[in-house]
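Asks: There's a structure below that I have some questions on.
The values are calculated or read from the model by the stated rules, or taken from the named source; none is laboratory data. Since this is a predicted model, take the numbers as computed values, not measurements. Neighbour counts are summed over all protein chains in view; Cβ atoms, including those assigned to glycine, are modelled from backbone coordinates with ideal geometry. Note: areas computed on protein heavy atoms with side chains; ligands, DNA, RNA excluded. Shrake-Rupley method; radii C 1.70, N 1.55, O 1.52, S 1.80 Å.
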Amino acid sequence: MIEVWGRSSSSNAAKVFWTLDELKIDYALHKAGGEFGGLDTPAYLAMNPNGRVPTLVDDGLVLWESNAVVRYLAAQYGAGSLWPASARERAASDKWMDWATVNFAVALAPLRQKRTPGGADAGLAAAAERVDKLAGLLDRTLSASPYVGGSRLGVGDVALGPHVHRWTLLDVPPDRHPALRSYYLRLCTHGAYKRHIVDKLT
């Protein structure tokens, strides 16, 4: 059976839980990180030298880095669904995985810190402007297709999903970026997204 080390409050681990659930794959969960600790033990560091979550083990294969784990699960177990047969179709979704991590998540971070007690105020206006610009880019993309890679849910959506949820928690006018808001509601129709992202991440 697949084993996963992680916690529900981690957006990176949540992507993996969502993928496993979406593909109806059974797995054994080892709660780790955050309040559960365990990331600095020799046994864990031997698997994941970064000392972070998630880590996945599947029949001797050890994987870390959430996007790599999601890609592996989609390729190994999601052929024809999260992992289309067409390389062009896969690439259309896959490019958004890197964009979500390198652009959207990074831009959101200062605004998320502000929502926590003692969050920093420095640069918030610039951060909000950057997030709005990126949200606008997403909005334009999603005005032409229901998912970022085209007509069906793909790995790009899995990478974006946690950050889109957190974007909806910001103080953004409800009529701002309507295609992006419709996309969020579309993601919410996927039970696995609701269970692992909407109900767990703040």
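Asks: In square angstrom, rounded to the nearest 10, how much accessible surface does SER143 have for a 1.4 Å probe?
Replies: 90 Å²
Asks: Which percent of the accessible heavy-atom area of the stretch 1-146 goes to carbon and sulfur, probe 1.4 angstrom?
Replies: 54 percent
Asks: Taking Cα extents along the principal axes in Å as the quantity of interest, determine which of (1) 62, 47, 33; (2) 54, 38, 37; (3) 47, 45, 25 was computed from the displayed structure.
Replies: (3)
Asks: Okay, moving on. Stretched out fully, how many nm does the piece from LYS194 to SER81 gain, at 0.36 nm a residue minus the Cα gap? Don't skip to the answer; put the middle values down first.
Replies: Working: separation 113, 0.36 × 113 = 40.68 nm, distance 1.86 nm.
Taking LYS194 through SER81 to full extension adds about 38.8 nm, to one decimal.
Asks: Protein chains only, probe 1.4 Å: how do MET47, MET97 rank by accessible area, largest first? Spell out each step's value before the answer.
Replies: Details: MET47 45, MET97 0 Å².
Listed by decreasing accessible area, they come as MET47, MET97.
Asks: Roughly what % of DSSP beta bridges within the chain run antiparallel, to the nearest 5? Show your work: numbers first, answer last.
Replies: Values: 8 of 14 bridges.
Among the beta bridges of the chain, antiparallel pairing accounts for roughly 55 percent.
Asks: State, to one decimal in nm, how far the label point of ALA68 lies from the label point of GLU89, with both points 7 Å from Cα in the Cβ direction.
Replies: 2.8 nm
Asks: So what is the 222 nm mean residue ellipticity for the chain from helices alone, if each DSSP H run of at least 4 adds -39500 (n - 2.57) and you divide by all residues, rounding to the nearest 500 deg cm²/dmol? Display every interim value, and only then the final one.
Replies: Numbers: 8 runs with 97 residues, N = 202.
Value at 222 nm, helices only: -15000 deg cm²/dmol.
Asks: Sort TYR147, TYR183 by accessible area with a 1.4 Å probe, largest first. Spell out each step's value before the answer.
Replies: On the way: TYR147 25, TYR183 0 Å².
Putting TYR147, TYR183 in descending order of accessible area: TYR147, TYR183.
Asks: Same structure again: Express the accessible area of the chain per residue in Å², computed with a 1.4 Å probe while the remaining protein chains stay in the model. The partial results should precede the final answer.
Replies: Working: 9860 Å² over 202 residues.
Accessible area per residue, the chain: 49 Å².
Asks: Could you sort THR19, THR168 by their accessible area in this structure, using a 1.4 Å probe and putting the largest first?
Replies: Sorted descending by solvent-accessible area, the residues read THR168, THR19.
Asks: If you wrap a convex hull around the C-alpha atoms of the stretch 43-103 and split its volume per residue, what is the figure in Å³?
Replies: Details: hull volume 5.2 nm³, N = 61.
Residue-normalised Cα hull volume stands at 85 Å³.
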